[in-house]
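**Student:** Once you've had a glance at the structure underneath, I'll fire off some questions.
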Amino acid sequence: MNINFIKLSRPKKGVIVCAYLEGGQLSPTAYTIDNETNGLISAAISCSQFVGKAQQTLTVFTPSNRVLLIGIGKPSQINLAFAEKFGGIIYETLANSAEEEATIMMELDDFKSVEIAAHLALGALLRSYRFDYYKTKITKEEKPSLVNLFISVEKYSYAKKVYESEEAVAEGVFFTRDLVSEPANILFPSEFAKRVDLMTSLGLQIDILEEKEIARLGMSAMLAVGQGSEHESKLVTMRWEGADKNQKSIAFIGKGVCFDTGGISLKPSTGMEEMKFDMGGAGVVCGLMRALAKRKAKANVIGVIGLVENMPDGRAQRPGDIVRSMSGQTIEIINTDAEGRLILADLLWYTQDQYKPEFMIDIATLTGSIVVALGEETCGYFANNDAIARELQAAANAVDEAIWRMPMGEVYNKQMDSDIADMKNAGSRWAGAITAACFLERFVNDLPWIHMDIAGVTWLRKNLPTAPKGASGFGVRALNRLVFNHCEKKYEKNNLS
Ligand code: BES
Ligand code: MN
Ligand code: ZN
């Protein structure tokens, strides 16, 4: 779908989309059309339940155009997140309407700022995502008819400028969704690495380490996870240097388990197919790096992902095994299904050792326990530093990605002690997301660090206004905003919210 910003004027063809405030009056264009059609629009409103509540829609067919009214609620409700939802709903209402063109009229006082216009377009774009490469029989009706979406707004060239940097972020979100949607027979570690490598053309510096080099670095905890797989494990680093050399980097680390069977501690078969999304953290890091490169972020950022497949096999690691991590600390394997933390343990150590970042954030589909705690709508995060936690929370709030800080502490941490090694990789049934975070913290030295557990939010079982069901891309926008706020805000003259 093409999105264009055009000067404010009534279009001749296609759908005309008009905003409608709750209990309010018709927008100028809707009012004109209503007059021309002997009150078709007001008649439709009065014999329907449409009152303009946020996200309510009403379609009216006039002899010349289809008119779509979208409720935007009360003036105080309208913010950028709302605008994105309206955009998504408009897209979804019209995508398969047989119409090829639609124009959104940004003419109501509460609904004509450039930011609102840009985010409306962003919402429509985010909702238009499709992953249909494997569908060989798409009918004409299933294929979206809508090809051109116009946003008709007073300051259209400025709105377009605002939109363009958001579009770069959406491209990152789409990259994440693509990676997460791919099945594990297609997207195994080396194929994943290959797709990341293509981003060199965007100005990213990409390094791919093979198992031999990973072993030389001493990362036996990470390698133990992939031991039972036919696919070689890979460690991929992505570097974006958009700021002065003397400015410290910030680092993002992703769990990239291309498929998690559980290993010898095999998972039950029901729902196991979902474990293709166990590389979601790595997917977010890649989407973030793509977004930063696309919008030429003035920041120095490092992305590190560990790509492995967790399989049961004659060579697979066993419960009871003891592995030595890169940090030198030893880990007793209680459960081979607690594999993500083994990868992250070595990646965290490697990242701080190699790059000495200002702070680091890991992102992982780490535990079922976080889904028990927060459900599928909120991401749980853990931090060893309040200031950076506040920065992440503010960034996520700004882009309407729901995250919630979880507790840590010595009472939880000591549950990970082992009788025979420095620690074990799995504790009791209780507080599993917290004890996992405590395990990870043992691999962080005096450095602000955050762990985000995205197990619940990576895959959507239902459509959301700004995302079709399937891979959500959750996290790309919050982390992109964090990078912006932390590194780039100082360069911005007019600070967009
Ligand atoms: N990849 C899973 C966590 C997961 C579960 C992600 C559900 C998405 C949805 C992880 O590797 C895992 O298996 N964790 C175990 C740890 C346990 C064995 C200590 C879990 O949470 O049950
Ligand atoms: Mn597992
Ligand atoms: Zn896993």
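The values are calculated or read from the model by the stated rules, or taken from the named source; none is laboratory data. Just so you know, these numbers come straight off a predicted model, no measurement behind them. A quick note on method: Cβ atoms are made from the backbone with ideal geometry, for glycine too, and the neighbour counts reach across all protein chains shown. To get the accessible areas, we keep the full protein, side chains included, count just its heavy atoms, and leave off ligands, DNA and RNA. Shrake-Rupley method; radii C 1.70, N 1.55, O 1.52, S 1.80 Å.
**Student:** State all residues of region 427-441 that are touching a residue at least 12 places away in the same chain (Cβ under 8 Å) and away from ligand 3 (no atom under 14 Å from the Cβ); if no residue qualifies, say none.
**Tutor:** Across region 427-441, the qualifying residues are G427, S428, A431, I434, T435, A437, C438, E441.
**Student:** Still on this model: Within region 41-61, which residues are hydroxyl-bearing (S, T, Y) and assigned to a loop (DSSP other than H, G, I, E, B)?
**Tutor:** Step one: filter region 41-61 for residues hydroxyl-bearing (S, T, Y), giving 42, 46, 48, 57, 59.
The one that is hydroxyl-bearing (S, T, Y) and assigned to a loop (DSSP other than H, G, I, E, B): S48.
**Student:** State all residues of region 62-80 that are crowded, with 17+ Cβ neighbours inside 10 Å and outside any loop (DSSP other than H, G, I, E, B); if no residue qualifies, say none.
**Tutor:** Within region 62-80, R66, V67, L68, L69, I70, G71, L80 meet the criteria.
**Student:** In region 442-468, what count of residues is obtained for those that are touching a residue at least 12 places away in the same chain (Cβ under 8 Å) and either within 16 Å of ligand 1 (Cβ to nearest atom) or farther than 17 Å from L348 by Cβ (or both)?
**Tutor:** Summing the residues that are touching a residue at least 12 places away in the same chain (Cβ under 8 Å) and either within 16 Å of ligand 1 (Cβ to nearest atom) or farther than 17 Å from L348 by Cβ (or both) in region 442-468 gives 18.
**Student:** Filter region 247-274 down to the residues that are touching a Gly at 6+ places or on another chain (Cβ under 8 Å), within 22 Å of V173 (Cα to Cα) and within 15 Å of ligand 2 (Cβ to nearest atom) and list them by number.
**Tutor:** K255, G256, V257
**Student:** Restricting attention to region 254-271, and to residues there that are away from ligand 3 (no atom under 11 Å from the Cβ) and among the aliphatic types (A, V, I, L, M), which single residue is surrounded by the fewest Cβ atoms within 10 Å (Cβ to Cβ)?
**Tutor:** Here the answer is L266.
**Student:** Ok, one more. Could you figure out which of (1) within 30 Å of I334 (Cα to Cα); (2) acidic (D, E); (3) open to solvent by 10 Å² or more (accessible area, probe 1.4 Å) isn't true of E241?
**Tutor:** Every condition holds for E241 apart from (1).
**Student:** I'd like to check something: does region 216-232 contain any residue that is closer than 30 Å to Y163 by Cβ and in the same structural domain as A395 (by TED's automatic domain parsing)?
**Tutor:** There is no residue in region 216-232 that is closer than 30 Å to Y163 by Cβ and in the same structural domain as A395 (by TED's automatic domain parsing).
**Student:** Got a sec? Which of A251, A215, A282, A221 is buried (at least 18 other Cβ atoms within 10 Å of the Cβ) and either of a type in the set (D, E) or away from ligand 3 (no atom under 16 Å from the Cβ) (or both)?
**Tutor:** A251 is the lone residue from the list that is buried (at least 18 other Cβ atoms within 10 Å of the Cβ) and either of a type in the set (D, E) or away from ligand 3 (no atom under 16 Å from the Cβ) (or both).
**Student:** Continuing with this model, one more query. Can you find, within region 312-337, the residue that is nearest to the chain's Cα centre (by Cα) among those that are open to solvent by 20 Å² or more (accessible area, probe 1.4 Å) and within 23 Å of G281 (Cα to Cα)?
**Tutor:** Out of the qualifying residues, it is D337.
**Student:** Answer yes or no: is there a residue in region 279-300 that is in a helix (DSSP H, G or I) and within 16 Å of S229 (Cβ to Cβ).
**Tutor:** The answer is yes, given that some residue of region 279-300 is in a helix (DSSP H, G or I) and within 16 Å of S229 (Cβ to Cβ).
**Student:** Do any residues in region 338-350 that are touching a residue at least 12 places away in the same chain (Cβ under 8 Å) and open to solvent by 10 Å² or more (accessible area, probe 1.4 Å) have Cβ atoms under 8 Å from those of residues that are away from ligand 3 (no atom under 11 Å from the Cβ) and assigned to a helix (DSSP H, G or I), where the two are at least six apart or on different chains, and which pairs are they?
**Tutor:** That search, which allows pairs on different chains as well, returns R341/F439; R341/L440.
**Student:** If you scan region 83-98, which residues turn out to be open to solvent by 20 Å² or more (accessible area, probe 1.4 Å) and hydrophobic (A, V, I, L, M, F, W, C)?
**Tutor:** I89, A98
**Student:** Follow-up. Return the residues of region 281-336 that are away from ligand 1 (no atom under 16 Å from the Cβ), under 21 Å from V444 (Cβ atoms) and in contact with a Cys (Cβ under 9 Å, 6 or more places away or on another chain); say none if nothing qualifies.
**Tutor:** Of everything in region 281-336, those that are away from ligand 1 (no atom under 16 Å from the Cβ), under 21 Å from V444 (Cβ atoms) and in contact with a Cys (Cβ under 9 Å, 6 or more places away or on another chain) turn out to be N300, V301, G303.
**Student:** Taking L125 as the residue in question, decide whether it is within 30 Å of G470 (Cα to Cα), in contact with a helix residue (DSSP H, G or I) (Cβ under 7 Å, 6 or more places away or on another chain) and not in a helix (DSSP H, G or I).
**Tutor:** no
Conditions (1) over 14 Å from the mean Cα position of the chain (by Cα); (2) not in a loop (DSSP other than H, G, I, E, B), marked per residue:
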site: A436; (1), (2): yes, yes
site: L440; (1), (2): yes, yes
site: M452; (1), (2): no, yes
site: G456; (1), (2): no, no
site: K462; (1), (2): yes, no
site: F474; (1), (2): no, no
site: A478; (1), (2): no, yes
site: V483; (1), (2): yes, yes
site: E488; (1), (2): yes, yes
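**Student:** Residues of region 42-55 being open to solvent by 50 Å² or more (accessible area, probe 1.4 Å) and either under 16 Å from I104 (Cβ atoms) or charged (D, E, K, R) (or both), which ones?
**Tutor:** Those that are open to solvent by 50 Å² or more (accessible area, probe 1.4 Å) and either under 16 Å from I104 (Cβ atoms) or charged (D, E, K, R) (or both): K53, Q55.
**Student:** Which residue pairs have Cβ atoms under 9 Å apart, sit 6 or more places apart or on different chains, and have a first residue in region 188-200 that is in the same structural domain as S233 (by TED's automatic domain parsing) and a second that is surrounded by fewer than 14 Cβ atoms within 10 Å (Cβ to Cβ)?
**Tutor:** Filtered contacts from region 188-200: F188/E230.
**Student:** From the set of residues in region 1-41 that are open to solvent by less than 50 Å² (accessible area, probe 1.4 Å) and among the hydroxyl-bearing types (S, T, Y), which is farthest from A124 (Cα to Cα)?
**Tutor:** Checking each candidate, the answer is T37.
**Student:** With the condition being within 12 Å of ligand 1 (Cβ to nearest atom), I'd like the helices (runs of 4 or more DSSP H) fully within region 337-426 carrying at least 2 qualifying residues. I'd like the intermediate steps shown before the answer.
**Tutor:** Details: elements: 340-355, 368-374, 386-398, 410-413.
By residue number, 340-355, 368-374.
**Student:** Which of the numbered conditions does G380 fail, given that it passes all the others? Conditions: (1) more than 19 Å from H486 (Cβ to Cβ); (2) buried (at least 22 other Cβ atoms within 10 Å of the Cβ); (3) over 17 Å from the mean Cα position of the chain (by Cα).
**Tutor:** Result: G380 passes all but (3).
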